[in-house]
Amino acid sequence: GGASRWVEGMPRLPVRSVAILFSGGRLHETEANAGISRLALASMGKGTRSRNALRLAAEMESFGCSLDRVMDDDYLGLSIGILSRFLPGGLDLILDVIRNPTFPPEEVERERRVRLSAMESLKDQAMSYAVTLFREVAFAGHAYGLPPFGSPESVQGLGTKALASWHASLFRPDRMVVAVAGDLHSEAVQEMLSERMAQWPLARHALEDPVSAKPVERIVARAETRRKAQTFQMVGFPAVDVSSEENYPLDLLQSTVSGLGGTFFEAIRGKRGLAYVVGASNMAKRLGGYFVVYLGTSPEKEEEAREILLGEVAKIQSSGIPEEEILRARSYILGTYPIALQTHSARALTYAAAEIQERGMEEVLAYPSRIGAVSSGQVVEAARRFLTPERYALGVLRGS
């Protein structure tokens, strides 16, 4: 198959983390089968051709490990952290779950009920539900705009047969990336993997990759009202996909405007106390992206907070951003980045995700120097180019 592998030795602890990811999944979903990737992934560890759910659980316990599911818009997969001496058995287990799931009907039914209740409880999570509303308008007509757990109608119709067929078209060696971090000799792991991946037949039907998402052309909004004490809003400006070099200045901009001391934070919360949450996120995906600012306020402060945000955007358009704020943001990123990559599991996952999004695993190590090379002028230029007051998507969960 065309699987990429990446192995990194970190000889401090006798532990290894393995992340096995597959490109696609949620981005191939449609309204009719929305939620199928999540349901398939959740049901996969519940029985294979040679191990039932109990045996899988018992083996994992004997290795002292757990299977973690990884679910993203652009990829999905499994990761495992395991003591080095158990690695051969752990690889057998994770590859069996990936290659030979049986999707037992009663287990699928149990997982379906979990998804249905997750859809209900999502409506009570102000920030997550505001994200869902934002994505509906930001990515209208695209898989990225579908609800995260699917809809009751779409999930109700998914049985063992649909899941098995979805699984066969997604979990293929030519869509797969394996990353291993920990104390190991890369040749030995490569050998173990090659051995276990031999004779992996490709399903006949591969999934067609969907087209890029069309960014919004004007101001579009989607709002819902709930009996809540607070209002959450997401304002997203069309930006770039994950492959763009513009992500470095946009990441720096994110750090410059949000969080304690950030430009937007100070204007909206620091000086006026209008919001209890002010943040930003450079949401770059394989098929499109937005620079998103999120605000949590009391219901009566919703519009005022948004006006001040757009006022700050206008200020950046006219007079830029003070250089010391950008330098502070850069130090913050460079200081926190290595901390986020301290654990084996974080490293394995970050490497695998970078590879599967075609940024290349080297990008993970090169990121600090790329951020360091961005000038203050480039950050201001990116802000002026992408923060467009006449064109954004707005998702609001209003309290009342």
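The values are calculated or read from the model by the stated rules, or taken from the named source; none is laboratory data. Keep in mind that what you see is a predicted model, and the values were worked out from it rather than measured. Ideal geometry is used to build each Cβ from the backbone, glycine not excepted, and the neighbour counts take in all protein chains shown. Please note that ligands, DNA and RNA were not included when accessible areas were found on the heavy atoms of the full protein model with its side chains. Shrake-Rupley method; radii C 1.70, N 1.55, O 1.52, S 1.80 Å.
Things to note:
- Some residue of segment 353-360 being open to solvent by 20 Å² or more (accessible area, probe 1.4 Å), in contact with an Asp or Glu (Cβ under 7 Å, 6 or more places away or on another chain) and of a type in the set (D, E, K, R): no
- Pairs meeting the criteria (first residue in segment 40-68 and more than 18 Å from Pro104 (Cα to Cα) and open to solvent by 70 Å² or more (accessible area, probe 1.4 Å), second residue assigned to a helix (DSSP H, G or I) and of a type in the set (Gly, Ala, Ser), beta carbons under 9 Å, at least 6 apart or on different chains) are Ser62/Gly89; Asp68/Ser345.
- The C-beta contact set for segment 207-228 (first residue farther than 13 Å from Ala138 by Cα, second residue open to solvent by 90 Å² or more (accessible area, probe 1.4 Å), distance under 8 angstrom, 6+ apart or interchain) comprises Thr225/Ser400; Arg226/Asp124; Arg226/Ser400; Arg227/Ser400; Lys228/Ser400.
- Segment 21-36, subset farther than 11 Å from Arg286 by Cβ and part of a loop (DSSP other than H, G, I, E, B), residue most open to solvent (accessible area, probe 1.4 Å): Glu31
- Restricting segment 289-301 to residues that are open to solvent by 10 Å² or more (accessible area, probe 1.4 Å) and in contact (Cβ under 8 Å) with a residue 60 or more places away in the chain, the residue that is farthest from Arg398 (Cα to Cα): Tyr294
- Qualifying positions in segment 166-191 - assigned to a helix (DSSP H, G or I), touching a residue at least 24 places away in the same chain (Cβ under 8 Å), of a type outside the set (Asp, Glu) and open to solvent by 40 Å² or more (accessible area, probe 1.4 Å): Ser186, Gln190
- Single unsatisfied condition, Ala346 versus (1) under 19 Å from Arg385 (Cα atoms); (2) part of a helix (DSSP H, G or I); (3) of a type in the set (Gly, Ala, Ser): (1)
- Being in contact (Cβ under 8 Å) with a residue 12 or more places away in the chain, open to solvent by 40 Å² or more (accessible area, probe 1.4 Å) and either touching a helix residue (DSSP H, G or I) at 6+ places or on another chain (Cβ under 6 Å) or farther than 22 Å from Gly289 by Cα (or both) is a description that does not apply to Ser376.
- Among the residues making up segment 351-373, those that are without any contact (Cβ under 8 Å) to a residue 60 or more places away in the chain and farther than 30 Å from Lys315 by Cβ are Ala354, Gly360, Glu362, Glu363, Val364, Leu365, Ala366, Ser369.
- Close pairs (7 angstrom Cβ cut-off, 6 or more residues apart or separate chains): part of a strand (DSSP E or B) in segment 388-400, of a type in the set (Ser, Thr, Tyr) anywhere: Ala393/Tyr290; Val396/Thr231; Leu397/Tyr129; Leu397/Thr231; Arg398/Thr225; Arg398/Thr231
- Only a single item in (1) aliphatic (A, V, I, L, M); (2) open to solvent by 20 Å² or more (accessible area, probe 1.4 Å); (3) more than 24 Å from Met361 (Cβ to Cβ) is not met by Met197, and it is number (3).
- When we screen Ser212, Ser298, Ser258, Ser243 for residues that are of a type in the set (S, T, N, Q) and closer than 30 Å to Ala162 by Cβ, the only hit is Ser212.
- Residues that are open to solvent by 30 Å² or more (accessible area, probe 1.4 Å), in a helix (DSSP H, G or I), over 17 Å from Leu27 (Cβ atoms) and not basic (Lys, Arg), drawn from segment 99-136: Pro105, Glu106, Glu109, Val114, Leu116, Ser117, Glu120, Ser121, Met127, Ser128
- Qualifying residue in segment 204-221 (condition: modelled with pLDDT under 90, hydrophobic (A, V, I, L, M, F, W, C), within 19 Å of Ala40 (Cβ to Cβ) and not in a helix (DSSP H, G or I)): yes
- Count of residues meeting criterion [touching a residue at least 40 places away in the same chain (Cβ under 8 Å), open to solvent by less than 10 Å² (accessible area, probe 1.4 Å) and in a strand (DSSP E or B)] in segment 239-281: 0
- Members of segment 315-343 that are part of a helix (DSSP H, G or I), β-branched (Val, Ile, Thr) and buried (at least 17 other Cβ atoms within 10 Å of the Cβ): Ile316, Ile326, Ile333
- Residues that are of a type in the set (D, E, K, R) and under 23 Å from Met44 (Cα atoms) within segment 106-137 comprise Glu106, Glu107, Glu109, Arg110, Glu111, Arg112, Arg113, Arg115, listed in sequence order.
- With respect to the conditions (1) part of a strand (DSSP E or B); (2) farther than 30 Å from Arg222 by Cα; (3) not acidic (Asp, Glu), Leu295 falls short on a single one, namely (2).
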